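Below you'll find the structure, written out as structure tokens, and then a few comments.
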Amino acid sequence: LRQISQRTISTASRRQFENRVPEKQKLFQEDNGIPVHLKGGVMDSLLYRVTMGLSVFGTAYVVYELLVASMPKKQK
């Protein structure tokens, strides 16, 4: 506890990171026919497909549950 209280708190970053904004701007502004939400590469494509799959599955499940709820239960 004493070491933590004696350690100086620095707001300056210890590492200096390279500014990659200009190269990202070139990538996203390039007119290559790819939609902007897929220009990030494989990870963007994977996230898009997972999201679309979950949306389709969720929609189908909701329609199924609505159909089940709309059917009258059989009386014994």
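Within the range 64-71, is there a residue that is at pLDDT 95 or above, charged (D, E, K, R), surrounded by 10 or more Cβ atoms within 10 Å (Cβ to Cβ) and over 22 Å from the mean Cα position of the chain (by Cα)?
Checked the range 64-71: at least one residue is at pLDDT 95 or above, charged (D, E, K, R), surrounded by 10 or more Cβ atoms within 10 Å (Cβ to Cβ) and over 22 Å from the mean Cα position of the chain (by Cα).
Could you give me the residue pairs with C-beta distances under 6 Å whose first residue belongs to the range 31-53 and is of a type in the set (A, V, I, L, M, F, W, C), whose second residue is surrounded by 10 or more Cβ atoms within 10 Å (Cβ to Cβ) wherever it lies, and which are 6+ apart or on separate chains?
Partner pairs satisfying both residue conditions: L38/D44; L38/S45.
The values are calculated or read from the model by the stated rules, or taken from the named source; none is laboratory data. Since the model is a prediction, treat every value here as computed from it, not as a measurement. With ideal geometry, Cβ positions are generated from the backbone for all residues, glycine too; neighbour counts draw on all protein chains shown.
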